[in-house]
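K.L.:
This structure is in structure tokens; I'll ask about it shortly.
Bear in mind that the values in this text are calculations on the coordinates, not laboratory data. Values in this document were obtained by computation on a predicted structure and should not be read as measured data. Cβ sites come from the backbone with ideal geometry, for glycine too, and all protein chains shown count toward neighbours.
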Amino acid sequence: MSVFDGLKFRRVYSPIHNLDPRIKFIYVLAIFVIAIIFWELIPLIVLFIIQIPFVVLAGVKREWLRSMRGGAFLASIIFVTNFVVAYFAGRGLAESLENAIALTLRFIVLIESFSIFFLTTSPDHLGLALEQTGMPYEFCFAFTTAVRFVPVLAEEAQTIMDAQKARGLELERGNFLKRIRNYIPILIPLIVSAIRRSLELAEAMESRAWGATKKRTNLYVLKIHKNDFFLIVITIGILATAIFIRLYVPIPSLNQLLKGIF
Amino acid sequence: MPVIETKNLTYTYPGGTKPSISDVSIKIKKGEFALITGPSGCGKTTLCRCFNGLIPHFYQGELKGEIKVTGLNILENPIYEMAKHVGLVFQNPENQLFALSVEKDVAFGLENLGVPREEIRKRVNWTLNLTGIYDLRERAPHELSGGQQQRVAIASILAMQPEVMVLDEPTSFLDPLSAKKIFKVIYELNKKLGITVVLVEHRLDLTARYADHIIVMDDGKVVLDGEPREILSSEEARLIGIGIPKATRLYHILKKDGVKLSNTVPLSSDEMANLLKEALKVHD
Ligand SMILES: Nc1ncnc2c1ncn2[C@@H]1O[C@H](COP(=O)(O)OP(=O)(O)O)[C@@H](O)[C@H]1O
Ligand SMILES: [Mg+2]
């Protein structure tokens, strides 16, 4: 089940969770853009740090750390490749090191902002945001219903696995190909049951007037609150500053800075 | 005018060789609590699907005979039109909930109908209170027990304020205690709001007491149709093998053995207990 745990959104109330997902998404995009336009270490460090208050305010430190750890492997690959390539291209040790750290940090900033978004946005809100940005309703419905059935299917997969194991199926036996084949007796019942489930769902949807009108209403509506304006201002502020610095301020490397001090 | 009326209704699923229901002619009156029972595979679910037009609109196949529900001809009205008048609650509660929270699920039907938001909010709260799940309104379906899920399913139909509610074995996935509670909820909707109830059920021990009308099916046909006390006392009912309430069986066994009991056939243990107390008093 542990694989699916990350997909279970934990319902928490915090100022960050209550923000409009559309605005939050614009914020994430802005951070994304800034992370791309800088390749120097110092601004990327700043970018990393200014997002930490969001994590603290949202109260999702544990989940956030877990998702960061999830990215650690890729981050280390990025670090090693960049370092090796730069070093053998004849740049100095210190410079290669700084360059590799900067590019790794850029990756980490991207994960950081995306995980803040997904950890603090309920799937319900996300579906609603999709709907209100003009996505066809069928698509949004498919999205939220898929999320709703993740825990159900995960539980079912576990049950089928236990049942097949009880009949002598050995999952961790044999070479790579054999192991994949071992999963067929689990996949087939799972698929059959999913199909039956989807038929029953369709029946229940029809019985609740699915498709009665093109002008569907929604119980919830996203409204921009004071905090959302606040986030817009912050986003514009950060973006404007970043672009200004990029265009007009020469950024020293950490190496130069350290040399200057000593 | 009956709320549900069928005449010689016969239906074959696409690709089916023989009809799943044949020659079904029934009438269910307004405000009635009707119970449909019969062995597995006898066509109860198939009949329910006809009540809101899932058959033939969703299932296709061949439908013969006449069927009118709340005065509307099923063939001439799409399912979403029928859904305003007839609500269907299915067997498996898990597969009738789509949303990520209870209140969103209860709102689903009204949203589809394009009811204004304030009105939806009002009706959702009303329904949640009526079915006793107001405190669960923000929970996700997978955080609920089967009994709670089935309550949500009932609430989500109730919110659309149908005239008829059809429930197809709503408790077969539930334990006896949850089942009992669900039946209570259904009975109250019938008595307090005057909603016509059609309940498909095997557990007559728990439900016969509420019924005004029992329909027994076997092999796609209606074999018995009438007043519960009469039907459940009949020899035919026993032979078909429907779950006659133990109190009713006991009454007939005692009566046959010559015990003097009053003439009202009991349908529940409570009624039987009262009957026995009375009989014992006479003997004193
Ligand atoms: N979707 C379907 N497609 C084809 N045949 C079906 C379908 N559903 C039920 N049947 C058949 O119709 C008959 C009656 O089934 P059903 O109405 O489900 O009975 P019950 O609900 O009383 O157990 C059975 O023989 C069954 O095999
Ligand atoms: Mg059935």
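K.L.:
Would you look at the GNM of chain B, springs on alpha carbons closer than 10 Å, and say which of B:GLY114, B:GLY38, B:GLY65 moves the most?
P.N.:
Looking only at B:GLY114, B:GLY38, B:GLY65, the largest GNM fluctuation is found for B:GLY114.
K.L.:
A further question on this structure: I need the shape label for chain A. Rule: rounded when a/c is under 1.5, else prolate if a/b > b/c, else oblate, with a, b, c from the alpha carbon gyration tensor. Each step should come with its number before you reach the end.
P.N.:
Details: a/c = 2.96, a/b = 1.40, b/c = 2.11.
Oblate shape, in that a/c is at least 1.5 and b/c is the bigger or equal ratio.
K.L.:
Continuing with the same structure: For the stretch B:90-107, in order, what is each residue's ³J(HN,Hα) by Karplus, 6.51 cos²θ - 1.76 cosθ + 1.60 with θ = phi - 60°, in whole Hz (x at glycine and Pro)?
P.N.:
9, 5, 8, x, 4, 8, 10, 10, 10, 8, 8, 9, 4, 5, 5, 5, 5, 7
K.L.:
Using the Karplus curve 6.51 cos²θ - 1.76 cosθ + 1.60 with θ = phi - 60°, work out ³J(HN,Hα) for each residue of the stretch B:5-20 in order, rounded to whole Hz, and write x for Gly and Pro.
P.N.:
Working through the residues one at a time gives 9, 10, 10, 6, 6, 9, 9, 10, 5, x, x, x, 8, 10, x, 7 Hz.
K.L.:
Give me, ordered by chain and number, the residues 5 or more places off B:GLY87 or on other chains with an amide H under 5 Å from its own placed amide H.
P.N.:
When sequence neighbours closer than 5 places are left aside, the close amide H contacts are B:VAL164, B:MET165, B:VAL166.
K.L.:
How big is the shadow of the Cα convex hull of the protein assembly as shown, averaged over all directions, in nm²?
P.N.:
Working: hull surface 148.2 nm².
One quarter of the hull surface, i.e. the mean projection, equals 37.0 nm².
K.L.:
What is the set of long-range amide H partners of B:VAL222 at a cut-off below 5 Å, with H atoms built 1.01 Å from backbone N?
P.N.:
For B:VAL222, the qualifying residues are B:SER25.
K.L.:
For a quick size check, give me the Cα extents of the stretch B:245-284 along its three principal axes, largest first, whole Å.
P.N.:
Rounded to whole Å, the extents work out to 29, 21, 13 Å.
K.L.:
Evaluate E = 1/(1 + (r/R0)^6) for A:ILE234 and A:ALA142, where r is the Cβ-Cβ distance and R0 equals 35 Å; express this FRET efficiency to the nearest 0.05. Numbers along the way, then the final one.
P.N.:
Working: r = 33 Å, r/R0 = 0.95.
After rounding to 0.05, the efficiency reads 0.55.
K.L.:
Give me a comma-separated list of calculated 3J(HN,Hα) values for the stretch B:70-83, in order, Karplus coefficients 6.51, -1.76, 1.60 applied at θ = phi - 60°, integers in Hz, x for any Gly or Pro.
P.N.:
6, x, 9, 7, 4, 5, 9, 10, x, 4, 5, 6, 5, 4
K.L.:
While we're on this one: Counting only other chains, what is the mean number of Cβ atoms within 10 angstrom of the Cβ of each residue in peptide B:77-85?
P.N.:
Mean partner-chain Cβ count within 10 Å for B:77-85: 4.
K.L.:
DSSP loop (so not H, G, I, E, B), at most 10 other Cβ within 10 Å: list which trypsin sites (Lys or Arg not before Pro) in the stretch A:211-262 pass both filters.
P.N.:
Those satisfying the criteria are A:LYS214, A:LYS215, A:LYS223.
K.L.:
Among the listed pairs B:LYS256/B:LYS281; B:LYS84/B:LYS181; A:LYS223/B:LYS84; B:LYS221/B:LYS256, which have their C-alpha atoms separated by more than 22 angstrom in this model? If you can, show how the numbers build up before the last one.
P.N.:
On the way: B:LYS256/B:LYS281 20 Å; B:LYS84/B:LYS181 26 Å; A:LYS223/B:LYS84 30 Å; B:LYS221/B:LYS256 31 Å.
Those over the limit are B:LYS84/B:LYS181; A:LYS223/B:LYS84; B:LYS221/B:LYS256.
K.L.:
Nearest 0.05, what FRET efficiency do B:SER40 and B:ASN125 give at R0 = 45 Å with Cβ-Cβ as r?
P.N.:
Working from the Cβ atoms, E equals 0.70.
K.L.:
Classify chain B as rounded, prolate or oblate, taking a ≥ b ≥ c as the square roots of the eigenvalues of its Cα gyration tensor: rounded when a/c is under 1.5, otherwise prolate if a/b is larger than b/c and oblate if not.
P.N.:
Since a/c reaches 1.5 but b/c is at least a/b, the shape of chain B is classed as oblate.
K.L.:
Multiplying the sequence separation of A:TYR13 and A:ILE191 by 0.36 nm and subtracting their Cα-Cα distance, what value in nm do you get?
P.N.:
Full extension of this stretch gives 60.5 nm more.
K.L.:
Now a separate question. I need the per residue convex hull volume for the stretch B:149-284, using only the alpha carbons, in cubic angstrom as a whole number.
P.N.:
Each residue corresponds to 126 Å³ of Cα convex hull volume.
K.L.:
How far is it, in nm, from the label point at B:LEU250 to the one at B:GLU62 when both lie 7 Å from their Cα along the line to the Cβ?
P.N.:
A separation of 5.0 nm, rounded to one decimal place.
K.L.:
So which of B:LYS192/B:LYS260; B:LYS64/B:LYS191; B:LYS27/B:LYS180 end up more than 31 Å apart, counting from Cα to Cα?
P.N.:
With Cα atoms farther than 31 Å apart: B:LYS192/B:LYS260; B:LYS64/B:LYS191.
K.L.:
Across the residues of A:214-225, average count of Cβ atoms on other protein chains within 10 Å?
P.N.:
Average neighbour count from other chains, rounded to a whole number: 4.
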